[in-house]
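Below is one structure, written out as C-alpha cells; the observations come after it.
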Amino acid sequence: MNDSTSLEERGAGGGVHPGAGADVVPVATPPDPGPLGRLLGVFIRPRETFESMRDRPRFLLPMILLVVVQTVLAFVMFQSGVVAEETATKMEAQGRSPQEIEAVQRFFEGTAGLVITVTTSLVFTLLSLVSLAGVAFFMGNLMLGARLRYVHYLSAMAFAGVVLLVEQAVRVGLILASRTYDVRLGLGMLLGDATGFGVRVLDTLTDPLFLWGHAISALGIAVYARRGFGFGVGAVLFGVLAAVVLSATR
C-alpha cells in the first residue's frame with residue numbers, strides 16, 4: 001500500500017482528505033483551546049472552536065453555564081416583581097375576580113413562588129436544550145444523511161445556548177427597565193402598539209441576537225458533519241421554527 005493510500009484511509013477519522021488528484025492534503029486540527037477558551041472562542045472563532053472539538057464534542061461546561069445564568073435571571077425577574085405584575089395584568093384582562101388576583105399575588109410574594117419560578121426556568125432550559133438537540137439529530141442523521149452521534153448535536157446546541165444568553169440578558173434588562181414583557185428586538189419595534197401572534201413571530205424571526213445564536217448551532221453541526229453551512233441550517237430549521245412559535249404563544 002502506498003503512502004497516499006494510507007493517508008487517505010486515515011483521513012476518514014484522522015483529519016486528512018484526498019486532494020484534487022492523487023495527492024492527499026493534511027487538514028490541520030486546531031489545538032484544543034481549553035474549557036474557557038472554547039466558551040470565548042464560540043463568540044469570536046466559532047468554526048475553529050467546533051473543529052477543535054470534532055473528535056471529542058464537549059457540552060458539560062456550557063450546559064452548566066446555561067443553567068446557572070438562567071437560574072440567576074429567573075431569580076432576578078422574580079425578585080423585581082415584574083413576574084407578579086405581568087401575571088396580575090393578564091388576569092385582569094381575562095376578567096378574573098379580585099380575590100383570584102390577590103391569591104396569585106400572595107403566591108408570588110412567598111418562598112413557594114420563588115422556588116417554583118426558578119425550578120421551572122431550570123427544567124425548561126434543560127428540556128429545551130435536550131429537545132432541540134434531539135430534533136436536530138433526527139433531521140441531520142435520519143433525514144439528511146449525516147453520521148453524527150447525538151452528543152455532537154447536543155454540543156452544538158449547548159454552545160449556541162451560551163451565545164443566546166446575550167439575547168436573554170438584553171431582553172431581561174429591557175423587561176426590568178420597561179416593567180413589561182412586550183420587549184421587541186427585531187422588526188416588531190417598528191410596528192408601534194400593534195400586538196398579536198404574527199407581530200411576535202415577525203419580531204423573533206428578525207431579532208439579530210436570536211438569529212446569531214441559532215446560526216452558531218447550524219455552523220457547529222455543519223462543522224461536525226464536514227458539510228456546508230446549508231446542511232446545518234436544514235438540521236436546525238424545524239427546531240428553530242418550533243422555538244419561535246413557542247416564544248410567540250407565551
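Report, to the nearest 10°, how far helix 34-44 tilts away from the longest principal axis of the Cα atoms in the chain, using its own Cα long axis and a range of 0 to 90°. Here the helix axis deviates by roughly 80 degrees. Model label sites at ALA169 and THR29, defined 7 Å from Cα along the beta-carbon direction, differ in position by 3.2 nm.
Of the trypsin sites (Lys or Arg not before Pro) in region 56-148, which ones lie in a loop per DSSP and count no more than 11 other C-beta atoms within 10 Å? Filter output for region 56-148: ARG147. Extending 7 Å from Cα along the Cβ direction at LEU246 and again at LEU126 yields two label points whose distance is 1.5 nm. Considering every alpha-carbon pair of the chain, the percent of pairs per 5 Å bin, from zero through the bin containing the longest distance, is 1, 6, 11, 14, 15, 14, 11, 9, 6, 4, 3, 2, 1, 1, 1, 0, 0. Residues SER121, SER217, SER131 in ascending order of nearby Cβ atoms (within 10 Å, fewest first): SER131, SER121, SER217.
Converting phi to 3J(HN,Hα) with the Karplus coefficients 6.51, -1.76 and 1.60 and the offset θ = phi - 60°, region 103-117 yields 5, 5, 4, 5, 4, 6, 8, x, 5, 4, x, 5, 4, 5, 5 Hz in sequence order, with x at every glycine or proline. Sorting ASP193, ASP55 by the number of Cβ atoms found within 10 Å of their own Cβ, with the fewest placed first, yields ASP193, ASP55. I want to make sure I understand the PRE zone here: with the label point 7 angstrom from the Cα of VAL151 toward its beta carbon, which residues in region 47-64 have backbone N atoms less than 12 Å away? Hits in region 47-64 for VAL151 at 12 Å: 54-60. Counting Lys +1, Arg +1, Asp -1, Glu -1, what net charge surrounds ILE175 among other residues with beta carbon under 15 Å of its beta carbon? Value of the local net charge: 0.
All of the numbers you see were taken from the coordinates with simple rules; none came from a lab. Please read these numbers as outputs of a predicted model, since none were measured by experiment. Backbone-built Cβ (ideal geometry, glycine too); neighbour counts: all protein chains shown.
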